[in-house]
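The values are calculated or read from the model by the stated rules, or taken from the named source; none is laboratory data. Not measured: the values here are computed from a predicted model. Glycine also receives a Cβ, built like all others from the backbone with ideal geometry; neighbour counts cover every protein chain displayed. Surface areas here come from the heavy atoms of the whole protein model, side chains and all, with no ligands, DNA or RNA. Shrake-Rupley method; radii C 1.70, N 1.55, O 1.52, S 1.80 Å.
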Amino acid sequence: MQAYQDMVYSTAARLLGNDAQAQDIAQDVFLKAFQNFDQLRTSPTRGGWLKTVATNMSLNHLTRYRRRWRSFSELHREQDDEDEPALDFAVPDTLLDGVAAGERQRLVEQALSRLPDHQRVPLVLFHFEDLPYPDIARRLRVSLGKVKTDIMRGRIGLAKLLRTGASVPTHGQPQP
Amino acid sequence: MNSSMNQSNDDHSRLEQFISRTCRAQPPLRAPGTLGLRVFAEIERRAALPSWRRPFGQWPMALRAAFLLICIGAVQASLSLVFWSGPERAVARMAAPASRPLSWIHDAHAWVLFLGSLFNDIGTTILHSIPPLWLYGSATSLLSMYGLLAGLGAVAYRTLYATR
């Protein structure tokens, strides 16, 4: 368990953007692994199994507990145009070059947790979980165009937060 | 026009590469030290539960089969109550001669039907004794309260959470 707990926790924390919920999901993942212990003990793909289960449980959690709120808060976003968002600033390749490794890690995680769900989740699935656009669209049950737009907006938002140093702390964010 | 579009595509491409590089360079987050303790504590708690309080999939096979049979019986009894109940029919069944084999099953069935129809009659009587205005008023109040709470919840969400 110790070999995989960071990976499982990271997957949940980045998708959910919430430390307490990520701990709950990580706990459930390992309880499920315990139920399938006989199969997983000798399986060479148990790491992948754990990552997949952590991803699925996190997405299910988001779907289950936030569906009601979407009707109030995010409905209009479903109807947003799927035009390419404008990038109104240039991102220098050296944006984080002068930042120490630990500080850079903290900045990125903090910025990620401050993105809205509908941008953070597809962005994490694309850049951290290496899922292709069509798979993300299928799993999130949104159109391919919306996934691409949300990821693009997420990148812009993340770059802006990184550029400004993301100096405002947030409650419940995952700690590196 | 074309040059500005090309410039925009280049900017987006550079941004994608930058974010991709940044994300790949991120090490995993460190899980809290208490995670392992929480998992083992939960495993012990679940192991201490009696079988009937565990998830249905973990029940013993015999118990699962018995539960399914009881459910099927309950559904059948409910359907019988709906489609076949009636005081006369139930009383007639209760008065039927007990000469048939396993007659106690028929007696029990008749009692269930009789009680079902009794409760049905009582419920209908109570429902009819309430003025319709009260019923409509209660329904309207409930709907209004639901709408009010949903609206308050939406406002609270958009104010406290969505703007974070």
Item checked: Net charge, A:THR55 excluded, C-beta distance under 12 Å - Lys, Arg +1, Asp, Glu -1 -> 0
Next item on the list: Nearest 100 Å² is fine: how much accessible area is buried between A and B, summed over both sides, with a 1.4 Å probe?
Entry: 4000
Checklist line | Peptide A:122-128 - average C-beta neighbours from other chains (10 Å radius) | finding: 3
Next item on the list: Can you sort B:SER80, A:SER58 by 1.4 Å-probe accessible area, starting with the largest?
Entry: B:SER80, A:SER58
Next item on the list: Could you sort A:135-142, A:6-13 so that the peptide with the highest average Cβ count within 10 Å comes first and the rest follow in order?
Entry: A:6-13, A:135-142
Checklist line | Most to least packed among A:146-159, B:119-132 [average Cβ atoms within 10 Å] | finding: A:146-159, B:119-132
Margin query: Among B:29-42, B:135-148, how do they line up by average Cβ neighbours within 10 Å per residue, starting with the highest?
Written below: B:29-42, B:135-148
Check: Net charge near B:ARG46, counting Lys/Arg +1 and Asp/Glu -1 over other residues with Cβ under 10 Å of its Cβ?
Finding: +1
